[in-house]
Amino acid sequence: MMKSLFLTLLTLALAVSALSQKQKKASEPVTSSPETIDAKIAGMKLFPGYFAFYYDQKSDRIFMLIDKLNVEFLYINSLTAGVGSNDIGLDRGQLGGERIVKFERIGPKVMMIEPNYRYRAITDSKDERRAAEEAFAQSIHWGFKIEAAEGDKVLVDASAFFIRDAHGVVERLRASKQGDYRLDESRSAFYLPGIKNFPKNSEFEVTLTFTGQATGDFIRSVVPTPSSVTVRQHHSFVELPDANFKPRKFDPRGGFFGIAYYDYATPISEPIEKRFIARHRLEKKDPSSASSEAVEPIIYYLDRGTPEPIRSALLDGARWWNQAFESAGYKNAFQVEMMPADADPMDVRYNVIQWVHRSTRGWSYGSTVMDPRTGEIIKGHVTLGSLRVRQDFLIAEGLLAPYSGKDVPPDMEKMALARLRQLAAHEVGHTIGIAHSYSSSAEHDASVMDYPHPKVTAVNGTISLEKAYDNKIGPWDKIAVQYGYQQFSDGTDENAMLNRIIQDGIGSGYTFLSDADARPAGGAHPYAHLWDNGSDASAELARVMEIRELALKNFGIKNIRPGAPMATLEEVLVPIYFFHRYQVEAAAKVVGGLNYRYALRDDGQPVTELIQPAQQLSALDRLIQTISPSSLMLSESIISNIPPRPMGYDRHRELIEGRTDLTFDPLAAAETATQMTVALILNPARAGRLLEHHARDFNQPSLEQVIDKVISATFKSKIKNSYEGEIQRTTNDVLLSNLLNLCLNKGASSQVRAVAQFKADQLKSWLTGRLNGATEEAWKAHYMYALERIRQFKEHPEVQTTPEAPNIPPGAPIGMSGYEFCGQF
């Protein structure tokens, strides 16, 4: 009995002890993995560097050694090898954005966490900092399973993190309606030539294959087998810069983009949102000297895949910026060299100018890798589309009609290379922090950060391209660089000096206006435009129309090379027929326009000013002239020399969108050009401003007056017959469509719609009388059709549909709407 009781008590004690040990182990954190780090990475290739990692060739996996837990660094993803379609927008060398992240160990995992630097509390108080951190969400980008650990070092299998669609290729293909694709891991792998490690940055690259059913023509045109799209994506882990960089305040007049964040430790008497410009770190070797070499110059490297003579032109243009840095007190502080043969353009240590091929022409752009904490630019990355230079060459062919013999004259290439120099300077400008400066064309070409239209001149009836583009940095660019990079001696009131730089620039007639102010559709500013020239937009429109008239007069078989299909005359015709398109946009903004600046209190700049009525009416008259039959008609020699396209030369979007099937359609060309002008004049935002400005100042043009002038110049002008008459009827139809659309526009004010409807009613009464007096059947049919359209609109406005004019062929660069760069703001 006693023995049995003893055994029972012993068993119970052992059970309690075992349970206690089990509970104790469960409560303890995991401090190591069953396998040691050395054992786990045995036989793998070591890549020592910022984050040491190991490549296992047998399994095609990367194991990363994390020895910097809770240390913030920069994570960047990018696209090394792209798709090749401008319309899809997945270019070679495309940056995907930067994020500050850190690794934090939580049990058996390591989390990659992105703090929220948009909302901060910059203070010594831990409690205040924690209050801000906990108020806004963070982002965890990945959770890594710990494979092995030793002390503060953990080994993780990072393969799945890298072999994924970090750049958003699937979403981009879906958004551009090219098909639904998914990542096929069986056809994806690490790309060893792109995997490198350095003391301050670790670089990883993968080949990814996306499979799916192609539904769009863009993807079909650039992929050998569209159901299988293979690209390369890149990942960079980069050590953050030290704390010695001094952020510089943002001034809306200064021409820089930058960063902004909320600081919740700010005294209530000061603005809570802080703004700083984006700029490279640049310091003088001798801060006390007015001109000094830099401690570390800013060096950009040009893509070795760039051919001559383009290579030399890009080097020249990018180097213009050294002129601006010299004005800020630096010697040879901005340099441009060829890329070293063994360098990787995706390596964050290199500022790069890449020469990027696509299947169609498109935008160039300048991007940056930036420290989100301070605005310090760590890497500038320029993408230059290689086909753009050919469009400038095409424009020159259309202007000069150069092919009188077999030789190719040098004039077209000379102009195209001059444009490339300016383009290189422009895009590099973005990557040193400078935004578009669209008022510069009205200020004697003060900046390369404007969009320049070629300055074409006529000398004794002959078109000249000698002064098409500038060959140097502009005075505004020097002011901007001084604001962003000038180093001030100790004890200087930096804010006062920065303000002085801006004020001196204003005093010299140089100002800054950027993207939103230059947009043409509803834009209001009379001096900030895209692709324009001159201080007076309407006067320049008249001059451009004279150049266009001369070019069309000379247009013929000499515009294409000997042996070229005659049908290819249309390619050359398009940029000449629409040569005035950007100056039309500029002149339209004068009508109902508003002059203003990014004025600060007491800085002496105009806040807002209404445009003089005479200036507006002059612009309107010149806009109306662009839709006159004499401006829209093409000569018989041009029309008869453009046959349908031969086999192998299909129609494409760079040609005029016609309504006559295979044959060239000159009436569609006139319809498209008319729509270009009339849609700008009757833009609902412009119509609203005309109402408002006239209400405030009776001398300002009214909306009624503007509509009446356009109707008088179209419907009520002296009727013509034959080809000229068809042009008249075409412009009338376009005007009526736009007038009825204005009546229906939900974004327009009620009074704008009321005025438009009233004018449509007046036109109906006039058309009724005109129909009764018409004798020619073509005009009778035209008036009857217009009356029927107005009647249908009146009776059933909810189902009203208006004919759409053909789409205008791409123009800037020099196609598509939009702009190359978007900063942090």
Inset, instruction - Kindly establish whether TYR55 is among the aromatic types (Phe, Trp, Tyr), touching a Pro at 6+ places or on another chain (Cβ under 8 Å) and at pLDDT 50 or above. - result: no
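Yes or no, residue by residue, for (1) open to solvent by less than 20 Å² (accessible area, probe 1.4 Å); (2) of a type in the set (A, V, I, L, M, F, W, C); (3) assigned to a helix (DSSP H, G or I); (4) more than 22 Å from SER439 (Cα to Cα):
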{"site": "TYR483", "(1), (2), (3), (4)": "yes, no, yes, no"}
{"site": "ALA496", "(1), (2), (3), (4)": "no, yes, yes, yes"}
{"site": "HIS529", "(1), (2), (3), (4)": "yes, no, no, no"}
{"site": "ALA542", "(1), (2), (3), (4)": "no, yes, yes, no"}
{"site": "GLU546", "(1), (2), (3), (4)": "no, no, yes, yes"}
Legend entry - Residues of region 501-516 that turn out to be open to solvent by less than 20 Å² (accessible area, probe 1.4 Å) and within 18 Å of the chain's Cα centre (by Cα), as a count: 2
Legend entry - Which listed residue is at pLDDT 95 or above, crowded, with 17+ Cβ neighbours inside 10 Å and assigned to a strand (DSSP E or B), from ILE479, ILE463, ILE473: ILE463
Inset, instruction - List every residue pair whose Cβ atoms sit under 8 Å apart, with the two residues 6 or more apart in sequence or on different chains, where the first one lies in region 707-721 and is at pLDDT below 95 and the second, anywhere, is in a loop (DSSP other than H, G, I, E, B). - result: ASN721/GLU776
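One line per residue, one yes/no per condition, for (1) touching a Leu at 6+ places or on another chain (Cβ under 8 Å); (2) small (Gly, Ala, Ser):
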position	(1), (2)
LEU384	yes, no
GLN391	no, no
ALA396	yes, yes
ARG419	no, no
ALA435	no, yes
SER447	no, yes
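In region 404-411, is there at least one residue being touching a helix residue (DSSP H, G or I) at 6+ places or on another chain (Cβ under 7 Å) and open to solvent by less than 20 Å² (accessible area, probe 1.4 Å)?
no
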Inset, instruction - Would you point out the residue of region 229-268, among those that are closer than 29 Å to ASP603 by Cβ and among the aromatic types (Phe, Trp, Tyr), that is surrounded by the most Cβ atoms within 10 Å (Cβ to Cβ)? - result: PHE256
Legend entry - GLN751 at pLDDT 90 or above, open to solvent by 30 Å² or more (accessible area, probe 1.4 Å) and not aliphatic (A, V, I, L, M): yes
Inset, instruction - Test PRO226 against the stated conditions and say whether it is surrounded by fewer than 19 Cβ atoms within 10 Å (Cβ to Cβ) and not hydroxyl-bearing (Ser, Thr, Tyr). - result: no
Legend entry - Which listed residue is within 24 Å of ASN77 (Cβ to Cβ) and open to solvent by less than 20 Å² (accessible area, probe 1.4 Å), from ILE378, ILE395, ILE353: ILE353
Inset, instruction - Name every residue in region 575-628 that is over 28 Å from VAL456 (Cβ atoms) and small (Gly, Ala, Ser), in order of residue number. - result: GLY592, ALA599, GLY604
Inset, instruction - Check off (1) touching a Lys or Arg at 6+ places or on another chain (Cβ under 7 Å); (2) modelled with pLDDT under 95 for ILE113 and give me the number that stays unchecked. - result: (2)
Inset, instruction - For residues that are charged (D, E, K, R) and either open to solvent by 60 Å² or more (accessible area, probe 1.4 Å) or in contact with a helix residue (DSSP H, G or I) (Cβ under 8 Å, 6 or more places away or on another chain) (or both), scanning just region 444-460, find the one that is farthest from MET412 (Cα to Cα). - result: ASP450
Inset, instruction - State yes or no: is GLU427 within 20 Å of LEU465 (Cα to Cα), in a helix (DSSP H, G or I) and at pLDDT 95 or above? - result: no
Inset, instruction - Answer yes or no: is there a residue in region 641-659 that is under 14 Å from VAL734 (Cβ atoms), touching an Asp or Glu at 6+ places or on another chain (Cβ under 8 Å) and part of a helix (DSSP H, G or I). - result: no
Inset, instruction - Among the numbered conditions (1) touching a helix residue (DSSP H, G or I) at 6+ places or on another chain (Cβ under 8 Å); (2) open to solvent by less than 10 Å² (accessible area, probe 1.4 Å); (3) of a type outside the set (A, V, I, L, M), tell me where GLY522 comes up short. - result: (2)
Legend entry - Subset tally (residues that are open to solvent by 40 Å² or more (accessible area, probe 1.4 Å), part of a loop (DSSP other than H, G, I, E, B) and not acidic (Asp, Glu)) for region 677-730: 7
Legend entry - Every residue from region 169-195 that is in contact with a helix residue (DSSP H, G or I) (Cβ under 9 Å, 6 or more places away or on another chain), under 16 Å from GLN94 (Cβ atoms) and among the small types (Gly, Ala, Ser): SER176
Inset, instruction - Having 1 or more residues that are of a type in the set (Gly, Ala, Ser), over 14 Å from GLN233 (Cα atoms) and open to solvent by less than 40 Å² (accessible area, probe 1.4 Å) is the bar; report the strands (runs of 3 or more DSSP E) wholly within region 105-202 that clear it. - result: 139-150, 179-183
Legend entry - Counted residues, region 773-825 - those being loosely packed, with under 15 Cβ neighbours inside 10 Å and at pLDDT below 80: 9
Inset, instruction - Please state which of the following conditions ALA13 fails to meet, knowing it meets all the rest: (1) on the phi > 0 side of the Ramachandran plot; (2) at pLDDT below 95; (3) of a type outside the set (D, E, K, R). - result: (1)
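The values are calculated or read from the model by the stated rules, or taken from the named source; none is laboratory data. Keep in mind that what you see is a predicted model, and the values were worked out from it rather than measured. Here Cβ is always computed from backbone atoms with ideal geometry, including for glycine, and neighbour counts include all displayed protein chains. Protein only, heavy atoms only, side chains kept; ligands, DNA and RNA dropped before computing areas. Shrake-Rupley method; radii C 1.70, N 1.55, O 1.52, S 1.80 Å.
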